[in-house]
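Report on the structure given below.
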Number of protein chains: 2
Amino acid sequence: MDLATVNALHYEDFVNIFGNVVEKCPIITAAVWSRRPFVNFTALEAAISEFIDALPESGKEGILRCHPDLAGRDLQSGTLTRESLEEQAGAGMDALNSAEYSRMARLNDEYKERFGFPFVICARMNDKGNILLQLSERCRNERAVERARGIEEVKKICHLRLQGLVLIDAPNKL
Amino acid sequence: MDLATVNALHYEDFVNIFGNVVEKCPIITAAVWSRRPFVNFTALEAAISEFIDALPESGKEGILRCHPDLAGRDLQSGTLTRESLEEQAGAGMDALNSAEYSRMARLNDEYKERFGFPFVICARMNDKGNILLQLSERCRNERAVERARGIEEVKKICHLRLQGLVLIDAPNKL
(Lines give C-alpha, C1' and ligand atoms only; values in the text may rest on other atoms or scores of the structure.)
Protein backbone atom coordinates (compact mmCIF):
# COMPACT_ATOMS: atom_id res chain seq x y z
CA MET A 1 0.00 0.00 0.00
CA ASP A 2 1.44 3.42 -0.87
CA LEU A 3 1.29 6.52 1.34
CA ALA A 4 -1.45 8.19 -0.67
CA THR A 5 -3.68 5.18 -0.04
CA VAL A 6 -2.76 5.15 3.66
CA ASN A 7 -3.55 8.86 3.98
CA ALA A 8 -6.97 8.37 2.35
CA LEU A 9 -8.06 5.59 4.74
CA HIS A 10 -11.08 6.08 6.97
CA TYR A 11 -10.09 5.60 10.63
CA GLU A 12 -11.87 2.23 10.78
CA ASP A 13 -9.81 0.80 7.93
CA PHE A 14 -6.65 2.46 9.26
CA VAL A 15 -7.12 0.83 12.67
CA ASN A 16 -8.04 -2.52 11.11
CA ILE A 17 -4.88 -2.53 8.99
CA PHE A 18 -2.35 -0.90 11.35
CA GLY A 19 -3.94 -1.61 14.75
CA ASN A 20 -1.33 -4.17 15.77
CA VAL A 21 1.91 -2.49 14.66
CA VAL A 22 2.34 -2.02 18.40
CA GLU A 23 1.23 -5.32 19.88
CA LYS A 24 -2.34 -5.18 21.27
CA CYS A 25 -2.24 -1.37 21.40
CA PRO A 26 -4.68 -0.24 18.68
CA ILE A 27 -5.20 2.96 20.67
CA ILE A 28 -1.77 4.12 19.45
CA THR A 29 -2.59 3.62 15.78
CA ALA A 30 -6.04 5.08 16.34
CA ALA A 31 -4.53 8.17 17.98
CA VAL A 32 -1.97 8.66 15.23
CA TRP A 33 -4.71 8.76 12.56
CA SER A 34 -5.34 12.31 13.84
CA ARG A 35 -1.88 13.26 12.54
CA ARG A 36 -2.48 12.35 8.88
CA PRO A 37 -1.61 13.14 6.14
CA PHE A 38 1.85 11.62 6.52
CA VAL A 39 4.40 13.01 4.09
CA ASN A 40 6.31 9.73 3.98
CA PHE A 41 6.84 6.40 5.72
CA THR A 42 9.22 7.99 8.21
CA ALA A 43 6.59 10.54 9.25
CA LEU A 44 4.07 7.79 9.99
CA GLU A 45 6.63 5.87 12.00
CA ALA A 46 7.74 9.04 13.81
CA ALA A 47 4.15 9.88 14.79
CA ILE A 48 3.86 6.47 16.46
CA SER A 49 7.22 6.87 18.23
CA GLU A 50 6.32 10.34 19.46
CA PHE A 51 3.02 9.11 20.86
CA ILE A 52 4.84 6.36 22.74
CA ASP A 53 7.56 8.72 24.02
CA ALA A 54 4.93 11.16 25.36
CA LEU A 55 3.31 8.47 27.54
CA PRO A 56 4.09 8.44 31.25
CA GLU A 57 6.47 5.70 32.40
CA SER A 58 3.46 3.65 33.54
CA GLY A 59 2.08 3.84 29.99
CA LYS A 60 5.36 2.56 28.55
CA GLU A 61 5.26 -0.31 31.05
CA GLY A 62 1.65 -0.84 29.94
CA ILE A 63 2.82 -1.31 26.34
CA LEU A 64 5.41 -3.87 27.44
CA ARG A 65 2.79 -5.74 29.50
CA CYS A 66 0.63 -6.13 26.39
CA HIS A 67 3.40 -8.28 24.86
CA PRO A 68 3.40 -12.07 25.14
CA ASP A 69 6.33 -14.04 26.51
CA LEU A 70 8.69 -15.51 23.91
CA ALA A 71 8.01 -19.26 23.67
CA GLY A 72 5.42 -18.75 26.39
CA ARG A 73 1.84 -19.66 27.23
CA ASP A 74 0.28 -17.88 24.21
CA LEU A 75 2.54 -19.72 21.78
CA GLN A 76 1.66 -23.05 23.43
CA SER A 77 -2.07 -22.35 23.49
CA GLY A 78 -2.32 -20.82 20.01
CA THR A 79 -3.47 -17.43 21.28
CA LEU A 80 -0.66 -15.29 19.88
CA THR A 81 -1.60 -12.52 17.46
CA ARG A 82 -0.84 -13.41 13.82
CA GLU A 83 2.11 -11.01 13.79
CA SER A 84 3.67 -12.40 16.99
CA LEU A 85 3.26 -15.98 15.83
CA GLU A 86 5.10 -15.28 12.58
CA GLU A 87 7.88 -13.42 14.38
CA GLN A 88 8.33 -16.03 17.12
CA ALA A 89 8.26 -18.90 14.62
CA GLY A 90 10.79 -17.08 12.42
CA ALA A 91 13.20 -16.95 15.36
CA GLY A 92 12.68 -20.64 16.10
CA MET A 93 10.70 -20.08 19.29
CA ASP A 94 8.22 -22.79 18.24
CA ALA A 95 10.99 -25.37 17.83
CA LEU A 96 12.98 -25.20 21.08
CA ASN A 97 14.27 -28.45 22.46
CA SER A 98 13.30 -29.40 25.96
CA ALA A 99 16.38 -27.88 27.63
CA GLU A 100 16.03 -24.62 25.69
CA TYR A 101 12.34 -24.43 26.48
CA SER A 102 12.96 -24.89 30.21
CA ARG A 103 15.74 -22.31 30.20
CA MET A 104 13.56 -19.79 28.36
CA ALA A 105 10.64 -20.34 30.75
CA ARG A 106 12.87 -19.95 33.82
CA LEU A 107 14.52 -16.79 32.51
CA ASN A 108 11.20 -15.27 31.40
CA ASP A 109 9.82 -15.82 34.88
CA GLU A 110 12.92 -14.39 36.50
CA TYR A 111 12.72 -11.32 34.24
CA LYS A 112 9.01 -10.73 34.92
CA GLU A 113 9.49 -11.21 38.65
CA ARG A 114 12.31 -8.67 38.69
CA PHE A 115 10.76 -5.98 36.46
CA GLY A 116 6.98 -6.43 36.48
CA PHE A 117 6.82 -6.57 32.69
CA PRO A 118 7.90 -9.15 30.11
CA PHE A 119 11.17 -9.41 28.18
CA VAL A 120 10.57 -7.76 24.80
CA ILE A 121 12.97 -8.18 21.90
CA CYS A 122 12.55 -7.85 18.14
CA ALA A 123 12.54 -11.57 17.29
CA ARG A 124 12.99 -10.94 13.56
CA MET A 125 16.36 -9.29 14.23
CA ASN A 126 17.62 -12.14 16.44
CA ASP A 127 17.99 -15.91 16.40
CA LYS A 128 17.30 -18.39 19.15
CA GLY A 129 20.80 -18.34 20.63
CA ASN A 130 20.99 -14.60 20.69
CA ILE A 131 17.54 -14.26 22.25
CA LEU A 132 18.51 -16.60 25.11
CA LEU A 133 21.80 -14.78 25.58
CA GLN A 134 20.19 -11.34 25.69
CA LEU A 135 17.43 -12.50 28.00
CA SER A 136 19.94 -13.81 30.51
CA GLU A 137 22.04 -10.64 30.26
CA ARG A 138 19.16 -8.16 30.38
CA CYS A 139 17.83 -9.82 33.55
CA ARG A 140 20.72 -8.14 35.35
CA ASN A 141 19.90 -4.55 34.24
CA GLU A 142 18.20 -1.85 36.28
CA ARG A 143 14.44 -1.51 35.88
CA ALA A 144 14.52 1.92 34.19
CA VAL A 145 17.16 0.70 31.74
CA GLU A 146 15.05 -2.32 30.82
CA ARG A 147 11.88 -0.24 30.44
CA ALA A 148 13.69 2.00 27.95
CA ARG A 149 15.33 -0.97 26.25
CA GLY A 150 12.00 -2.79 25.92
CA ILE A 151 10.44 0.29 24.30
CA GLU A 152 13.36 0.48 21.83
CA GLU A 153 12.57 -3.11 20.86
CA VAL A 154 8.85 -2.27 20.54
CA LYS A 155 9.82 0.40 18.02
CA LYS A 156 11.97 -2.02 16.03
CA ILE A 157 9.08 -4.50 15.92
CA CYS A 158 6.76 -1.67 14.86
CA HIS A 159 9.18 -0.60 12.11
CA LEU A 160 9.21 -4.08 10.57
CA ARG A 161 5.44 -4.53 10.90
CA LEU A 162 4.92 -1.16 9.18
CA GLN A 163 7.37 -2.12 6.45
CA GLY A 164 5.23 -5.17 5.75
CA LEU A 165 2.20 -2.94 5.21
CA VAL A 166 3.40 0.31 3.62
CA LEU A 167 5.63 0.85 0.62
CA ILE A 168 8.77 2.75 1.56
CA ASP A 169 8.90 5.94 -0.54
CA ALA A 170 10.95 5.65 -3.71
CA PRO A 171 13.92 8.05 -3.45
CA ASN A 172 12.93 9.94 -6.62
CA LYS A 173 9.59 10.78 -5.05
CA LEU A 174 11.07 12.47 -1.98
CA MET B 1 -13.28 -10.49 43.60
CA ASP B 2 -12.29 -8.32 46.56
CA LEU B 3 -9.61 -5.61 46.51
CA ALA B 4 -7.05 -7.67 48.40
CA THR B 5 -7.26 -10.31 45.66
CA VAL B 6 -7.03 -7.65 42.95
CA ASN B 7 -3.96 -6.12 44.58
CA ALA B 8 -2.23 -9.49 44.75
CA LEU B 9 -2.68 -10.27 41.04
CA HIS B 10 0.35 -10.74 38.80
CA TYR B 11 0.22 -8.29 35.89
CA GLU B 12 -0.67 -11.06 33.43
CA ASP B 13 -3.77 -12.04 35.39
CA PHE B 14 -4.63 -8.39 36.05
CA VAL B 15 -4.53 -7.61 32.31
CA ASN B 16 -6.44 -10.79 31.45
CA ILE B 17 -9.22 -9.93 33.88
CA PHE B 18 -9.40 -6.12 33.56
CA GLY B 19 -7.90 -5.60 30.10
CA ASN B 20 -11.20 -4.63 28.47
CA VAL B 21 -12.70 -2.30 31.09
CA VAL B 22 -11.79 0.35 28.51
CA GLU B 23 -12.80 -1.23 25.19
CA LYS B 24 -9.81 -2.72 23.31
CA CYS B 25 -7.35 -0.64 25.37
CA PRO B 26 -5.52 -3.19 27.56
CA ILE B 27 -2.57 -0.78 27.67
CA ILE B 28 -4.58 1.36 30.12
CA THR B 29 -5.20 -1.50 32.54
CA ALA B 30 -1.63 -2.69 32.07
CA ALA B 31 -0.31 0.79 32.88
CA VAL B 32 -2.49 1.16 35.96
CA TRP B 33 -1.13 -2.08 37.45
CA SER B 34 1.97 0.03 38.27
CA ARG B 35 -0.22 2.04 40.70
CA ARG B 36 -1.28 -0.88 42.92
CA PRO B 37 -2.05 -1.45 45.74
CA PHE B 38 -5.43 0.26 45.42
CA VAL B 39 -6.92 1.27 48.76
CA ASN B 40 -10.46 0.79 47.46
CA PHE B 41 -12.61 0.42 44.35
CA THR B 42 -12.66 4.18 43.85
CA ALA B 43 -8.87 4.35 43.83
CA LEU B 44 -8.67 1.72 41.08
CA GLU B 45 -11.28 3.56 39.03
CA ALA B 46 -9.56 6.91 39.66
CA ALA B 47 -6.20 5.54 38.48
CA ILE B 48 -7.81 4.56 35.16
CA SER B 49 -9.52 7.94 34.80
CA GLU B 50 -6.31 9.80 35.57
CA PHE B 51 -4.41 7.83 32.97
CA ILE B 52 -7.05 8.67 30.36
CA ASP B 53 -7.15 12.36 31.35
CA ALA B 54 -3.36 12.65 31.03
CA LEU B 55 -3.41 11.45 27.40
CA PRO B 56 -3.09 14.03 24.64
CA GLU B 57 -6.31 14.83 22.77
CA SER B 58 -5.22 12.46 19.97
CA GLY B 59 -4.97 9.67 22.55
CA LYS B 60 -8.50 10.35 23.77
CA GLU B 61 -9.69 10.22 20.16
CA GLY B 62 -7.72 6.98 19.85
CA ILE B 63 -9.73 5.48 22.73
CA LEU B 64 -12.99 6.48 21.05
CA ARG B 65 -11.84 4.98 17.73
CA CYS B 66 -11.30 1.62 19.45
CA HIS B 67 -15.06 1.49 20.13
CA PRO B 68 -17.48 -0.29 17.78
CA ASP B 69 -20.54 1.39 16.29
CA LEU B 70 -23.80 0.72 18.08
CA ALA B 71 -25.83 -1.76 16.02
CA GLY B 72 -22.97 -1.67 13.51
CA ARG B 73 -20.79 -3.99 11.48
CA ASP B 74 -19.24 -5.79 14.48
CA LEU B 75 -22.66 -6.62 15.92
CA GLN B 76 -23.81 -7.97 12.53
CA SER B 77 -20.67 -10.02 11.97
CA GLY B 78 -20.34 -11.35 15.52
CA THR B 79 -16.99 -9.67 16.13
CA LEU B 80 -17.94 -7.53 19.14
CA THR B 81 -16.06 -8.09 22.38
CA ARG B 82 -18.08 -10.08 24.93
CA GLU B 83 -18.63 -6.96 27.03
CA SER B 84 -19.88 -4.86 24.09
CA LEU B 85 -22.20 -7.59 22.90
CA GLU B 86 -23.85 -7.87 26.32
CA GLU B 87 -24.20 -4.10 26.61
CA GLN B 88 -25.55 -3.58 23.09
CA ALA B 89 -27.98 -6.48 23.43
CA GLY B 90 -29.16 -5.15 26.81
CA ALA B 91 -30.08 -1.85 25.15
CA GLY B 92 -31.94 -3.66 22.35
CA MET B 93 -29.36 -2.87 19.66
CA ASP B 94 -29.62 -6.46 18.38
CA ALA B 95 -33.38 -6.18 17.93
CA LEU B 96 -33.90 -2.99 15.93
CA ASN B 97 -36.62 -3.02 13.32
CA SER B 98 -35.68 -2.18 9.77
CA ALA B 99 -36.49 1.54 10.06
CA GLU B 100 -34.59 1.88 13.35
CA TYR B 101 -31.62 0.02 11.94
CA SER B 102 -31.46 2.28 8.88
CA ARG B 103 -31.77 5.41 11.00
CA MET B 104 -29.01 4.22 13.35
CA ALA B 105 -26.70 3.39 10.44
CA ARG B 106 -27.29 6.75 8.77
CA LEU B 107 -26.74 8.72 11.99
CA ASN B 108 -23.63 6.68 12.92
CA ASP B 109 -22.14 7.46 9.50
CA GLU B 110 -23.05 11.14 9.80
CA TYR B 111 -21.46 11.29 13.27
CA LYS B 112 -18.24 9.56 12.15
CA GLU B 113 -17.98 11.72 9.04
CA ARG B 114 -18.35 14.87 11.14
CA PHE B 115 -16.02 13.97 14.03
CA GLY B 116 -13.59 11.27 12.83
CA PHE B 117 -14.49 8.99 15.73
CA PRO B 118 -17.58 6.93 16.56
CA PHE B 119 -20.56 7.83 18.74
CA VAL B 120 -19.88 6.38 22.20
CA ILE B 121 -22.59 6.12 24.83
CA CYS B 122 -22.99 3.90 27.89
CA ALA B 123 -25.61 1.53 26.48
CA ARG B 124 -26.44 0.05 29.89
CA MET B 125 -27.61 3.46 31.10
CA ASN B 126 -29.83 4.07 28.06
CA ASP B 127 -32.58 2.39 26.08
CA LYS B 128 -33.02 2.22 22.33
CA GLY B 129 -35.17 5.34 22.02
CA ASN B 130 -32.83 7.42 24.14
CA ILE B 131 -29.74 6.22 22.25
CA LEU B 132 -31.27 7.25 18.91
CA LEU B 133 -32.34 10.61 20.34
CA GLN B 134 -28.91 11.35 21.81
CA LEU B 135 -27.13 10.25 18.67
CA SER B 136 -29.18 12.65 16.54
CA GLU B 137 -28.68 15.48 19.05
CA ARG B 138 -24.97 14.94 19.63
CA CYS B 139 -24.31 15.00 15.87
CA ARG B 140 -24.84 18.76 16.12
CA ASN B 141 -22.18 19.41 18.80
CA GLU B 142 -18.71 20.82 18.31
CA ARG B 143 -15.88 18.32 17.91
CA ALA B 144 -14.11 19.17 21.20
CA VAL B 145 -17.41 18.88 23.08
CA GLU B 146 -18.07 15.47 21.59
CA ARG B 147 -14.55 14.24 22.28
CA ALA B 148 -14.98 15.14 25.96
CA ARG B 149 -18.52 13.75 26.03
CA GLY B 150 -17.39 10.47 24.45
CA ILE B 151 -14.66 10.11 27.08
CA GLU B 152 -17.24 10.72 29.86
CA GLU B 153 -19.24 7.85 28.41
CA VAL B 154 -16.10 5.66 28.22
CA LYS B 155 -15.67 6.24 31.97
CA LYS B 156 -19.29 5.28 32.70
CA ILE B 157 -18.85 2.08 30.69
CA CYS B 158 -15.59 1.41 32.56
CA HIS B 159 -17.30 1.98 35.92
CA LEU B 160 -19.97 -0.62 35.18
CA ARG B 161 -17.49 -3.13 33.77
CA LEU B 162 -15.32 -2.73 36.89
CA GLN B 163 -18.38 -3.15 39.11
CA GLY B 164 -19.00 -6.48 37.43
CA LEU B 165 -15.50 -7.63 38.36
CA VAL B 166 -14.64 -6.11 41.75
CA LEU B 167 -16.61 -6.07 44.98
CA ILE B 168 -17.39 -2.52 46.04
CA ASP B 169 -15.93 -1.97 49.51
CA ALA B 170 -18.38 -2.50 52.36
CA PRO B 171 -18.90 0.84 54.18
CA ASN B 172 -17.68 -0.55 57.52
CA LYS B 173 -14.35 -1.43 55.93
CA LEU B 174 -13.62 2.12 54.79
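The values are calculated or read from the model by the stated rules, or taken from the named source; none is laboratory data. Treat the numbers as computed from the prediction; the structure is a model and nothing was measured. Note: ideal-geometry Cβ built from the backbone for every residue, glycine included; neighbour counts use all protein chains shown. With ligands, DNA and RNA removed, areas are computed over all heavy atoms of the protein, side chains included. Shrake-Rupley method; radii C 1.70, N 1.55, O 1.52, S 1.80 Å.
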Item to check | Members of segment A:93-140 found to be part of a loop (DSSP other than H, G, I, E, B) and under 18 Å from A:LEU160 (Cα atoms), listed by number | outcome: A:VAL120, A:ILE121, A:CYS122, A:ASN126, A:ASP127
Checklist entry - Among the residues of segment A:95-108, which ones are open to solvent by less than 90 Å² (accessible area, probe 1.4 Å) and of a type outside the set (Ser, Thr, Tyr)? => result A:ALA95, A:LEU96, A:ASN97, A:ALA99, A:GLU100, A:MET104, A:ALA105, A:LEU107, A:ASN108
Next on the checklist: Please count how many residues of segment A:110-128 are open to solvent by 50 Å² or more (accessible area, probe 1.4 Å) and either touching a residue at least 40 places away in the same chain (Cβ under 8 Å) or over 22 Å from A:GLU57 (Cα atoms) (or both).
Outcome noted: 4
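Could you pull out the residue among A:GLU86, A:GLU23 that is of a type in the set (D, E, K, R) and open to solvent by less than 40 Å² (accessible area, probe 1.4 Å)?
A:GLU23
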Item to check | Meets criteria (within 14 Å of chain B (Cβ to nearest Cβ) and surrounded by fewer than 22 Cβ atoms within 10 Å (Cβ to Cβ)) for A:ILE17 | outcome: yes
Next on the checklist: What pairs come out if I take residues in segment A:136-147 that are in the same structural domain as A:ILE121 (by TED's automatic domain parsing) and touching a residue at least 24 places away in the same chain (Cβ under 8 Å) and pair them with residues that are assigned to a loop (DSSP other than H, G, I, E, B) and of a type outside the set (Ser, Thr, Tyr) whose C-beta lies under 7 Å away, six or more apart or interchain?
Outcome noted: A:ARG138/A:PHE119
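Is it the case that segment B:40-49 has a residue that's facing another protein chain (nearest Cβ under 7 Å) and small (Gly, Ala, Ser)?
Taking segment B:40-49 as the starting set, the residues that turn out to be facing another protein chain (nearest Cβ under 7 Å) are none.
Scanning segment B:40-49, I find no residue that is facing another protein chain (nearest Cβ under 7 Å) and small (Gly, Ala, Ser), so the answer is no.
Which residue, of B:THR29, B:THR81, is β-branched (Val, Ile, Thr) and open to solvent by 20 Å² or more (accessible area, probe 1.4 Å)? Explain how you work it out, then say what you get.
Details: B:THR29 fails: open to solvent by 20 Å² or more (accessible area, probe 1.4 Å).
Answer to the check: B:THR81.
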Checklist entry - What number of residues in segment A:36-48 are closer than 18 Å to A:GLN163 by Cβ and surrounded by fewer than 17 Cβ atoms within 10 Å (Cβ to Cβ)? => result 5
Checklist outcome for this item: Checking B:THR5, B:THR81, B:THR29 in turn, the sole residue that is at pLDDT 95 or above and closer than 30 Å to B:LEU107 by Cα turns out to be B:THR81
Item to check | Test for B:GLY90: is it more than 14 Å from chain A (Cβ to nearest Cβ) and on the phi > 0 side of the Ramachandran plot | outcome: no
Checklist outcome for this item: Listed by first then second residue, the pairs whose first member lies in segment A:32-44 and is closer than 18 Å to A:ASN20 by Cα, whose partner is open to solvent by less than 80 Å² (accessible area, probe 1.4 Å) and of a type in the set (Ser, Thr, Tyr), with beta carbons under 6 Å and at least 6 positions apart or on separate chains, are A:TRP33/A:TYR11; A:SER34/B:SER58
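Answer yes or no as to whether A:LEU64 is farther than 23 Å from B:ASP109 by Cβ, in contact with a Gly (Cβ under 9 Å, 6 or more places away or on another chain), open to solvent by less than 10 Å² (accessible area, probe 1.4 Å) and more than 7 Å from every other protein chain (Cβ to nearest Cβ). Give the steps one after another, and end with the answer.
Values: farther than 23 Å from B:ASP109 by Cβ: yes; in contact with a Gly (Cβ under 9 Å, 6 or more places away or on another chain): yes; open to solvent by less than 10 Å² (accessible area, probe 1.4 Å): yes; more than 7 Å from every other protein chain (Cβ to nearest Cβ): yes.
Yes: the conditions hold for A:LEU64.
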